[in-house]
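Just below is one structure, and these are the notes that go with it.
Each reported figure results from applying straightforward, stated rules to the coordinates on display, with no laboratory input. What you see is a predicted model; the values in this text were computed from it and never measured. Glycine also receives a Cβ, built like all others from the backbone with ideal geometry; neighbour counts cover every protein chain displayed.
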Amino acid sequence: MIEKVRQKIMAFIESDKDVPLLAGFSVGFYMLLFYYSKNFALANSFHQILALSAYYVVMPVLVFFIGYKLSEKVRSGAFRRHFLFTGIPAFFLFFLFQINQVWLHKKIILAASLVVIVLLSFKFSRYYKLFIVLLFIMSVFNIKPLAGAAYKAIIASDEWKKLPDDIENITFKHRPNIYYIQPDGYASSYNLKHNPHYNFDNSEFEAFLKLNGFTLYADYRSNYPSTLLSNSATFSMKHHYIARDVEAFGARGIIMGNNPVLRILKNNGYHTSFITQNPYLIMNRPELGYDYSNIDYSDIPYIKDGFTVTRDVMADFKSHMDKQSNSGNFYFVQRFLPGHVAVYDNGNSAEEEKQVYLDRLRQGNEFLQEIITYINENDPEGLIIIGADHGGFTGFSSTSETHTKIQDRALIYSLFGAHLSIKWNNPLAQEYDNELNTGVNLFRTVFSFLAEDKQYLDKLEEDSSYMPLKNPKGCFKYIDDKGNIVFEEI
């Protein structure tokens, strides 16, 4: 069997028949699979699949076909094969370097590679089909992650999304503008003061918050360790327990799409706006549940990851807020400060990463003071929520270290301990926020307060925190409903 396959491959390679269309397709097919094996969660919308298929597959097929036909009129058959021999690796390297942004500035590497390929073509051009065979063999190794994502999509269940009561029918008695400002990775007040991995005096900023009428929730924490996993639970008002499809590709569709939080707001006459620093939450172009976004999908590149697209959050917020009505507006404002320690090991120690984080935290404080002051001056009755998505991960030199089981309490709380402060503008809020401990119950608490209906507080989700691990592999509960450190596989 193997021998027959080998013979067929050799006969194909040594055949005198040229295959320009197959040459173009082999490059495009490999690159399309390669791209999606690495970036499925960022490019799983229909429009992206269509655009990337045209870019990676249709374009090289057309170039090879047209180039081959033109070369027939210019030179001999040998020249046609020179074109095919050099064209396949040239397209391959161009696409690969384009994805790998680390190499984008090293154009000399691409130029030198092309020179070598051209020189080799003078002797080996008749074997260009070997490239085609290798690309198809290499494509096989990209199928596994795509098959895994497809499997997760097939077995995914929406059961976890079902709310335990009729809170979606809730009617607000008060309709203030709501400002949900999310400073990425901003650690909780308790963490900053008492956790040895932070040990930071944030009293000046906290005094500013109290002076402006904010209630601080010192022990607040996230239910999950990442922006996508945490926000998926927050905007669903439900635990997803790191459902496979949510972790793999579904989070952005939940956060930015037709989720319970946005449905409840719209049912109560709210206009919803999303204002962000970069398109991290909309890179895969989910069906947008917001009425407005300061970044349009046409601004987001198809090939690159979109982090090159940045906006001045404060300027965009001011401009948009000035155009809105005096009440009934919901703003989700996202700013990637202070963030967290490096994702991958960059040579810095944990202490060096901590200092970088604290410098960004100071910058984050300046932004928060500016936006809070602006809101108070223009909308003193607005309900302002400063709610981080997770902690800052200080104590680690990189977030990749958290993929292995952790038992140290301070390190675990460094992951999950997140800032929350709310300007309620009403002392009655104290009757509703006694059990506001984690993100999954944030909006249920806020909506119960606005409706003056405590029955919805009877269905609070458990205040537990979960972590996906590689060693041991699985998803584990790290913190239970009472705030105790545990280690239970789910």
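Put in line by how crowded their Cβ is, counting other Cβ atoms within 10 Å and starting with the fewest, S139, S222, S400, S298 read S298, S400, S139, S222. By the count of neighbouring beta-carbon atoms within 10 Å, fewest first, V246, V486 end up ordered V486, V246.
Residue separation of L163 and T310 scaled by 0.36 nm, minus their Cα-Cα distance, works out to 49.4 nm of gained length. Here the Karplus curve 6.51 cos²θ - 1.76 cosθ + 1.60, taken at θ = phi - 60°, turns the phi angles of the stretch 20-30 into couplings of x, 5, 5, 4, x, 5, 4, 5, x, 4, 4 Hz, with x standing for Gly and Pro. In the structure shown, the pairs K17/K69; K161/K318; K210/K318; K144/K473; K193/K423; K423/K454 are assessed against 25 Å; a Cα-Cα span above that value is assigned to K161/K318.
Taking Cα pairs under 8 Å and at least six residues apart, what relative contact order does the chain come out at, in percent? Spell out each step's value before the answer.
Working: 828 pairs, mean separation 95.3, N = 490.
Once normalised by length, the contact order is 19 percent.
The C-alpha radius of gyration of the stretch 160-489, expressed as a fraction of 2.2 N^0.38 Å, stands at 0.94.
Within a 10 angstrom radius of the beta carbon, how do R244, R175, R221 rank from fewest other beta carbons to most?
R175, R244, R221
In this rough spin-label picture, where each label sits 7 Å from Cα along the Cβ direction, the E431-Y344 distance is 5.5 nm. Rounded to 0.05, the FRET efficiency of the K482 and N199 pair, given R0 = 30 Å and the Cβ-Cβ distance, is 0.70.
What is the antiparallel percent of DSSP beta bridges lying wholly in the chain, to the nearest 5? Please list the in-between numbers first.
Values: 17 of 37 bridges.
Just about 45 percent of them are antiparallel.
When each of the peptides 59-71, 417-429 is scored by the mean number of other C-beta atoms lying within 10 Å of its residues, the order from highest to lowest reads 417-429, 59-71. Residue-wise HN-Hα couplings along the stretch 480-490, as the Karplus relation 6.51 cos²θ - 1.76 cosθ + 1.60 with θ = phi - 60° gives them from phi, are 8, 4, 9, x, 7, 6, 9, 8, 10, 6, 10 Hz; Gly and Pro carry x.
Site pair Y151 and L50 shows an inter-label distance of 3.1 nm when each label is modelled 7 Å from Cα along Cα→Cβ.
Summary of the geometry: the stretch 395-439 and the stretch 15-56, compared by the centres of their Cα atoms, lie 42 Å apart.
For L216 and F141, what is the calculated FRET efficiency with R₀ set at 56 Å and r taken between the beta-carbons, to the nearest 0.05?
The calculated FRET efficiency here is 0.65.
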